[in-house]
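*Asks:* Okay, handing you the structure first.
None of the figures in this text is laboratory data; all of them are computed from the coordinates on show. No experiment lies behind these values; they were computed from the predicted model shown. Note: ideal-geometry Cβ built from the backbone for every residue, glycine included; neighbour counts use all protein chains shown.
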Amino acid sequence: MALISVKTILTSLCLFHITLAYFFYTNPNAIADQALVYVLGEAMGMPQTSSFAAPSGASSFLAITLLVLGLSDLLTLSLPEEIWLIHYWGSQAPLRITVFAFVSLFAYFSTPSYGRSGPSRMSHPLAPPNVFVAGSTVSGGDGLRNRVFFTFAFLEFLSWFWVWVTLKEETGKFAARKRRRGSTSNGRAQGF
């Protein structure tokens, strides 16, 4: 039996997204200065970013996106249990695990080794420095190679994995409860 229900985990995750939206809109530096971001960034060799020093257009867009995501996910929990438990989150959880696993691996493996200006972790050891080196051409993914993004993607991956494991357990219990209710109502119908 799960210690915390899937509905509680999902509600907490939705409220986390709404809280992040508030901070990305008002003071994104508060997120970049968190101890967890620092510790995970140092442990994984991720560079710091100055993009979150002050609110910007990108952080405001991220805030609105997180707000809509948090509110829409929170709204799905008000649907009947069978719909959100089996049909909606049963397909959403594995999809979100896959997406966040991919983007956290992308952020980790495409970042140059922290503290030296050399090739990225995924390039050949004898390859010359490439576009990932500071001072070279900027690509579209450069904004995703920092501590804040890696920490967000990694925590989302872990959270959705927790949701998925708990969801599988509660879906089995829900199906058993439904079968039990169906068998007792069939027994009563045959008795008349």
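*Asks:* With labels modelled as points extended 7 Å from the Cα through the Cβ direction, what inter-label distance (nm, one decimal) is found for Ser60 paired with Tyr88?
*Replies:* A separation of 3.0 nm, rounded to one decimal place.
*Asks:* Hey, which aspartates and glutamates would be in cross-link range of Lys168, C-alpha to C-alpha under 20 Å, not counting anything within fewer than 8 residues on its own chain?
*Replies:* Reachable aspartates and glutamates: Asp73, Glu81, Glu82, Glu156.
*Asks:* Mind checking the full-extension length gain between Ser50 and Leu36? Use 0.36 nm per residue of separation minus the Cα-Cα distance, one decimal, nm. All intermediate terms of the calculation are to be shown ahead of the outcome.
*Replies:* On the way: separation 14, 0.36 × 14 = 5.04 nm, distance 1.71 nm.
Length difference between fully extended and current span is 3.3 nm.
*Asks:* How many nm separate the modelled label positions at Ile4 and Glu81, each set 7 Å beyond the Cα in the direction of the Cβ?
*Replies:* Calculated label separation equals 2.0 nm.
*Asks:* What net charge is computed for the residues neighbouring Gly41, neighbours being all others with C-beta under 12 Å from the C-beta of Gly41, Lys and Arg scored +1, Asp and Glu -1? Can you show the working numbers first?
*Replies:* Working: positive: Arg145, Arg147; negative: Asp33, Glu42.
Result for the neighbourhood of Gly41: 0.
*Asks:* Let me ask another. Taking R0 as 45 Å, what's the FRET efficiency between Leu69 and Ser183 from their Cβ-Cβ distance, rounded to 0.05? Don't jump to the answer; show the numbers that get you there.
*Replies:* Working: r = 40 Å, r/R0 = 0.88.
Taking R0 as 45 Å, the efficiency between Leu69 and Ser183 is 0.70.
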